Amino acid sequence: MEKYEEYLHMLVDEIHSTIFATVDSSGNPVTCAIDMMLADENGLYFLTAKGKSFYDRLISHPAISLTGLKGKDTMSSKSITIYGNVREIGSSLLSEIFTKNQYMAEIYPDEESRAALTVFQIYEGEGEFFDLSVKPIFREKFSFGNAMIKETGYFITDGCDGCGLCCSVCPQKCIDTSHIPFKIEQEHCLHCGRCADICDQQAIERR
Ligand SMILES: Cc1cc2nc3c(=O)[nH]c(=O)nc-3n(C[C@H](O)[C@H](O)[C@H](O)COP(=O)(O)O)c2cc1C
């Protein structure tokens, strides 16, 4: 299984309820709670009812963002965030969703009520797993569909003279000093920017 699939399955099986952002007709962000019902190599699936404002927002502006969180408090929590695009696929996966997520039968008890429902696929997206339960923190980007990972954060360039000022201010102690230029361990970096602020060679660039 590819890395991105592991994260999509974690969203469905371990986190399940996410906070989901859409954009309304005035361009303002709107969040709501949405359950992630299924995942496969082609993306993530959730459902909604066609009568909801949430449905209208998805149709008129199919770019979305979501965050799912698991843990009992901040320092024991992991999150997965996705920015992606959705498309409506209708009722084809409804019975599979109701079989896997049996609580749905308490909300929509009979076939008649289920006629209101429609399934959406998040068919492409970029995401990030962020884990505060380990030290140093761990983060990892992933993407699926045609989306590409955009490299963001702080990067040490050839201007580094190995003075070590950056290491003295790094809260996660995640700068590898074994070679010059030093290297930021991206998977442990908070993106706080202290290293770039203090570097007197201006050798740390922000992407
Ligand atoms: C834990 C939880 C999970 C939810 N999951 C869904 C869901 O999967 N699909 C859905 O349409 N609504 C779901 N809801 C309800 C929506 O969050 C709610 O209908 C939404 O805020 C309404 O938005 P709207 O009035 O803008 O359409 C869920 C609510 C909770 C509390």
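If you filter segment 29-56 down to residues that are part of a strand (DSSP E or B) and of a type in the set (Phe, Trp, Tyr), you find that the one that is farthest from the ligand (Cβ to nearest atom) is 45. Quick check, is residue 35 of a type in the set (D, E, K, R), modelled with pLDDT of 95 or more and surrounded by 13 or more Cβ atoms within 10 Å (Cβ to Cβ)? Yes. Residues satisfying the criterion are present in segment 176-186 (criterion: farther than 30 Å from residue 85 by Cα and touching a Ser or Thr at 6+ places or on another chain (Cβ under 7 Å)).
Residue 76 meets each of the listed conditions (1) within 17 Å of residue 9 (Cα to Cα); (2) away from the ligand (no atom under 15 Å from the Cβ); (3) under 22 Å from the mean Cα position of the chain (by Cα) apart from (1).
Yes/no per residue for (1) in the same structural domain as residue 88 (by TED's automatic domain parsing); (2) small (Gly, Ala, Ser); (3) in contact (Cβ under 8 Å) with a residue 40 or more places away in the chain; (4) under 21 Å from residue 107 (Cβ atoms):
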| residue | (1), (2), (3), (4) |
| --- | --- |
| 7 | yes, no, yes, no |
| 15 | yes, no, yes, yes |
| 20 | yes, no, yes, yes |
| 23 | yes, no, yes, no |
| 27 | yes, yes, no, no |
| 38 | yes, no, yes, yes |
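Determine which member of the set 92, 79, 65, 26 is in a loop (DSSP other than H, G, I, E, B), polar (S, T, N, Q) and either at pLDDT 95 or above or buried (at least 18 other Cβ atoms within 10 Å of the Cβ) (or both). Testing whether each residue is in a loop (DSSP other than H, G, I, E, B), polar (S, T, N, Q) and either at pLDDT 95 or above or buried (at least 18 other Cβ atoms within 10 Å of the Cβ) (or both) leaves just 26. Residue pairs whose Cβ atoms lie under 6 Å apart, sitting 6 or more positions apart in sequence or on different chains, and linking a residue in segment 51-62 that is closer than 17 Å to residue 114 by Cα and at pLDDT 95 or above to a partner that is near the ligand (Cβ under 8 Å from one of its atoms) and assigned to a loop (DSSP other than H, G, I, E, B), do not occur here.
The values are calculated or read from the model by the stated rules, or taken from the named source; none is laboratory data. Remember, predicted model here, so these are calculated numbers, not experimental data. Cβ coordinates were reconstructed from backbone atoms using ideal geometry, including for glycine residues, and neighbour counts include every protein chain displayed.
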